[in-house]
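Notes follow the structure.
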Amino acid sequence: MAYRASVVVAIEHSTANLPAIVSNLGLGSHPEVEFVFCHTGRADPVASLAPGQNVRSIRCLDGARIPHMWRDGILSASAESVGLLSAHCIPTKHWMTGLLSIDLRSTEAAAGGFFTNSRDATARDWAIYLLRYVRFSRPRDDDRALEVAADNAVYKRSEVLACRDLLERGFWEPEYHKRFFARGLRLLLTRELEVVHTNRYSAGEFAAQRRDHGYAFGRDRGRSASTLRLVLYALTSPLIPAVLYAKVVGGAIERRWIGRLPRGTHFWLLFFILNWALGEARGLFGELGKRLRLSS
């Protein structure tokens, strides 16, 4: 069957959200869409929740992170239009309508939506939300966006697959977006795609995720930089926590949230930012070491 769209859901420490996700996506009501759930556990987490010919589960390699799961889901998808979700974000009931209404033009590679936060979010949950989604916390339409968040987005599969050399490392979307821009493609922001961030990470789980994602960012940044710029990045890496904290807090101030955040939010912000910074510095110095060994 030729599907109109594929939806790939990456499940990492977030199985508690699956009943709400399955319900809101309305899998049985959309036979024209295939749904691909990617996970690392031995047991299929959606077998009893979402039976159907248009529903598949993919068990990814142990230790796979969300970008690896997205990569595996995109590779196995059959439709050109591929919606991506993380199971820490629950789509609203109108998300599927929004997805099916998006028709990316030949000059457009992806469209991303916006994120609200769960009403019962704790200080830790707010810190995670601000770190991940403060830039995408308002509904808006923009046909020339500089970035979208893949946790709530739709991509052209063919444009992703055109970046074959990046796929081995996973779907770390910033690197793909750079390629899209280099090819003259655009990113869109749309108010049609709304999800609710509903965190299921423990503090330790998210700290480990930050280190891994920071490492991938530092590694990719180092690989694309000249040797001189890579040395500069590595030497200034102690400034990363201050820069990131200023950006996140600035976003919260702009939205007039700063005085309404739960007590302890700033502690968790700093804790998670430090974990990211450690990972990014490791990635930068690892690439610098490789570069120096090759030149010696």
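The values are calculated or read from the model by the stated rules, or taken from the named source; none is laboratory data. Quick caveat: nothing in here was measured; it's all calculated off a predicted structure. Neighbour counts run over all protein chains shown; Cβ positions are idealised from the backbone, glycine included.
Within the stretch 55-62, is there a residue that is of a type in the set (Ser, Thr, Tyr) and either within 25 Å of Ser158 (Cα to Cα) or at pLDDT 95 or above (or both)? Yes, because at least one residue in the stretch 55-62 is of a type in the set (Ser, Thr, Tyr) and either within 25 Å of Ser158 (Cα to Cα) or at pLDDT 95 or above (or both). Based on what the data block shows, is Phe181 free of Cβ contacts under 8 Å to residues at least 60 places away in the same chain and part of a helix (DSSP H, G or I)? Yes, satisfied. Restricting Arg210, Arg229, Arg186, Arg169 to those that are over 17 Å from the mean Cα position of the chain (by Cα) and under 26 Å from Gly73 (Cα atoms) reduces the list to Arg186. Looking across the stretch 135-163, just one residue is among the small types (Gly, Ala, Ser), more than 29 Å from Lys247 (Cα to Cα) and without any contact (Cβ under 8 Å) to a residue 60 or more places away in the chain, and that is Ala162. Taken together, the criteria exclude Glu80 from residues that are over 18 Å from Asn199 (Cα atoms), surrounded by 22 or more Cβ atoms within 10 Å (Cβ to Cβ) and of a type in the set (D, E, K, R).
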